[in-house]
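K.L.:
First the structure, then my questions, so here it is.
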Amino acid sequence: MYEDILVPTDGSAGASTALEEAIDLAAAFDATVHSLYVVDVASVGPETGAVDLVESFEQMGEDVTAAAATRVRDAGVDATAHVTTGSPHRSILEYADEHGADLIIMGTHGRTGLERYLLGSVTEKVVRTADVPVLTVRAAESAAESADDQTAEAE
Amino acid sequence: MRFVVAIDGSAESDRALKHALEMARAADASLTAAHSVDPDVYDVGGTEPPDDQAEFEDRLIVESVSDAERRGDRLIDEAVEQAGDAGVDIDGELLYGDPVETIPDFATAEGYDGVFVGHRGLSDEHERVLGSVAKGIVERSSLPVTVVR
């Protein structure tokens, strides 16, 4: 069914929930989970020190995807980790295309009020433009408050 | 595992159903094909905007609820038949209202594990104005939603 599942990550609670879903699906279908972090150069800007900033984002990307891959492998599932640079939604679609991903899993915010109805802009663009199926999972509200609190994960 | 697949008779919804059937068969899950009865409004007028309210009302034809219901029943029957061919356990559910609200509310209230929905390949500009059912369902749903193009 699914062989290569792409989970873009930014280290947020939503991405963590998406990874959890990816692990469950990949375990069921014997698939590989691809963790991808995109350094959004447009968010850095041309100011002095931008090069340092890009490097620190790259470092963060390495850390976040390595942690994700470890979590996946600990569950007995194959994993890869990648960091790339560019516009987030385009980079995600390019990666999916190049690596033949057959599913993209992304988190949505679990907030209340008006924000509850607003997707993250990257998720929104990927849902709208991806050729492959996109699975969206809502981050639990408790998880949104404490991103690293893995005890908040529901079955 | 139980999943809802939203169907509306479009090519996108056919692809979502096909994907949901593959997934259900692989995961030994059952499906509910849900269609929301939301009568269509047709504009039979020309390209010019109407001059007054009377002309506006003459131009619009609202599909009757019973016609929309029959259409929904037929779509569900077709989905059930397709699932039978694929060997997947399926049932149908006719809902009433805007699918952006009825599909996620039904899936959540009935304790399903996720929703499958098709997505039209609208242009950026088109979609900014109209939005899409798929996006609306993703935004409203607290359950995992798989959007299939």
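K.L.:
B:Arg15: within 15 Å of the chain's Cα centre (by Cα) and among the charged types (D, E, K, R), yes or no?
P.N.:
Yes, satisfied.
K.L.:
Among the listed residues A:Ser87, A:Ser142, identify the single one that is open to solvent by 30 Å² or more (accessible area, probe 1.4 Å), away from chain B (no Cβ under 12 Å) and either under 23 Å from B:His19 (Cβ atoms) or at pLDDT below 90 (or both).
P.N.:
A:Ser142
K.L.:
Can I ask one more? Would you list the helices (runs of 4 or more DSSP H) that sit entirely within segment B:41-116 and hold 1 or more residues that are under 21 Å from B:Val148 (Cβ atoms)?
P.N.:
The qualifying helices (runs of 4 or more DSSP H) are B:65-86, B:99-109.
K.L.:
So is A:Val126 in a helix (DSSP H, G or I) and either at the interface with chain B (Cβ under 10 Å from one of its Cβ atoms) or modelled with pLDDT of 95 or more (or both) or not?
P.N.:
It is true that A:Val126 is in a helix (DSSP H, G or I) and either at the interface with chain B (Cβ under 10 Å from one of its Cβ atoms) or modelled with pLDDT of 95 or more (or both).
K.L.:
In this structure, is A:Val44 in contact (Cβ under 8 Å) with a residue 24 or more places away in the chain, more than 14 Å from chain B (Cβ to nearest Cβ), on the phi < 0 side of the Ramachandran plot and touching a helix residue (DSSP H, G or I) at 6+ places or on another chain (Cβ under 8 Å)?
P.N.:
No: the conditions fail for A:Val44.
K.L.:
Scan segment A:1-18 residue by residue and report those that are closer than 20 Å to A:Gly100 by Cβ and either away from chain B (no Cβ under 11 Å) or open to solvent by less than 40 Å² (accessible area, probe 1.4 Å) (or both).
P.N.:
Passing the criteria: A:Tyr2, A:Glu3, A:Asp4, A:Ile5, A:Leu6, A:Val7, A:Pro8, A:Thr9, A:Ala18.
K.L.:
Among the residues of segment A:53-69, is there at least one that is of a type in the set (Val, Ile, Thr) and modelled with pLDDT of 90 or more?
P.N.:
yes
K.L.:
Okay, next question. Residues of segment B:119-149 being more than 10 Å from chain A (Cβ to nearest Cβ) and at pLDDT 90 or above, which ones?
P.N.:
Across segment B:119-149, there are no qualifying residues.
K.L.:
From the list B:Ser36, B:Ser13, exactly one residue is in contact with a helix residue (DSSP H, G or I) (Cβ under 6 Å, 6 or more places away or on another chain) and either within 20 Å of B:Ala134 (Cα to Cα) or not basic (Lys, Arg) (or both). Which is it?
P.N.:
Sole residue among the options that is in contact with a helix residue (DSSP H, G or I) (Cβ under 6 Å, 6 or more places away or on another chain) and either within 20 Å of B:Ala134 (Cα to Cα) or not basic (Lys, Arg) (or both): B:Ser36.
K.L.:
Also, quick follow-up: Can you tell me how many residues within segment B:23-63 are open to solvent by less than 50 Å² (accessible area, probe 1.4 Å) and either more than 14 Å from every other protein chain (Cβ to nearest Cβ) or modelled with pLDDT under 75 (or both)?
P.N.:
Count: 13.
The values are calculated or read from the model by the stated rules, or taken from the named source; none is laboratory data. Predicted model, so just to flag it, every value in this text is computed and none were measured. Note that we place each Cβ from the backbone using ideal geometry, even for glycine, and neighbour counts take in every protein chain shown. Please note that ligands, DNA and RNA were not included when accessible areas were found on the heavy atoms of the full protein model with its side chains. Shrake-Rupley method; radii C 1.70, N 1.55, O 1.52, S 1.80 Å.
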